[in-house]
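Report on the structure given below.
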Amino acid sequence: MTGTTGLFSACSPNAPKFTAIDLTGADYAKDFVLTDHNGQVRTLKDFQGKIVMMFFGYTQCPDVCPTSMAEMAQIKQLLGKDGERIQCLFVTIDPGRDKPEMLKEYMAAFDPSFLALVPTPEQLTVLAKDFKVYYKKVEGPTPTSYTMDHTAGSYVYDTKGKLRLFTRYGTKPALTATDIKQLLAHAS
């Protein structure tokens, strides 16, 4: 019976019903080893006991990235006291321009508890493959005026560091907050 219990738990009337894409049991995006904007090496284990929302973007982004980060801040606010149980991570896909000092200011503009992670170009290649994240440099009129096409959405990990959800760009913060409340309610 032990083997079938987990198999049918998703059909249980007590199983959460999420607005986001349910990635429970996914065999990718399991962990990372990256330096944050303060120079500290981070992994998912550093955030055990918290819900982690992880977004890939860049500071020069004109729309998707600042909107997504502002929505993460709003989600934290909507959760009230439970907002303290959220850790938002921003992984730069533009490590050439996004320097730690700039990322620190960028995070502080949304929420001082947010952390930016800064991969090397080599780490970013491996990370993007493991996390199934798309990114591509789009040349601009000058060498430094390029933009970056990229996946627009956030991964959500439960309090045990397990990948659970992918929230699409444009999802109303209240809906994501409800999904997170369900994850917190099922945390043991």
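The values are calculated or read from the model by the stated rules, or taken from the named source; none is laboratory data. Computed from a prediction, not measured in an experiment: that's the story for all the values here. Neighbour counts are summed over all protein chains in view; Cβ atoms, including those assigned to glycine, are modelled from backbone coordinates with ideal geometry. Note: areas computed on protein heavy atoms with side chains; ligands, DNA, RNA excluded. Shrake-Rupley method; radii C 1.70, N 1.55, O 1.52, S 1.80 Å.
Computed from Cα atoms, the angle from the helix 64-78 axis to the main principal axis of the chain rounds to 40 degrees.
Largest mean-square fluctuation among VAL52, VAL41, VAL133, in a Gaussian network model of the chain whose springs join Cα atoms under 10 Å apart, belongs to VAL41. Checking the Cα-Cα distances for LYS76/LYS137; LYS99/LYS181; LYS30/LYS132; LYS99/LYS136; LYS50/LYS162 against a 22 Å cut-off, the pairs over it are LYS76/LYS137; LYS99/LYS181.
Remark: the ALA70-THR125 segment gains 17.1 nm on full extension, using 0.36 nm per residue and subtracting the alpha carbon distance. Computed on the Cα trace of the stretch 69-148, the radius of gyration divided by the Kirkwood hydrodynamic radius gives Rg/Rh = 1.03.
Calculate the length of the line joining the C-alpha centroid of the stretch 157-188 to that of the stretch 73-128, in whole Å. The stretch 157-188 and the stretch 73-128 have Cα centres separated by 17 Å.
Applying both filters, DSSP loop and at most 11 other Cβ atoms within 10 Å, to the GluC sites (Glu not before Pro) of the stretch 80-188 gives GLU139. Farthest toward the positive end of the dipole of the chain, out of ALA108, GLY25, VAL91, is the Cα of GLY25, where the dipole comes from beta carbon charges about the Cα centre.
Taking every DSSP bridge with both residues inside the stretch 30-129, close to 30 percent are antiparallel. The mean accessible area for residues of the chain, using a 1.4 Å probe and ignoring ligands and nucleic acids, is 53 Å² per residue. Taking every DSSP helix (H) stretch of at least 4 residues in the chain, weighting each as -39,500 (n - 2.57) and dividing the sum by the residue count yields a mean residue ellipticity at 222 nm of -9500 deg cm²/dmol.
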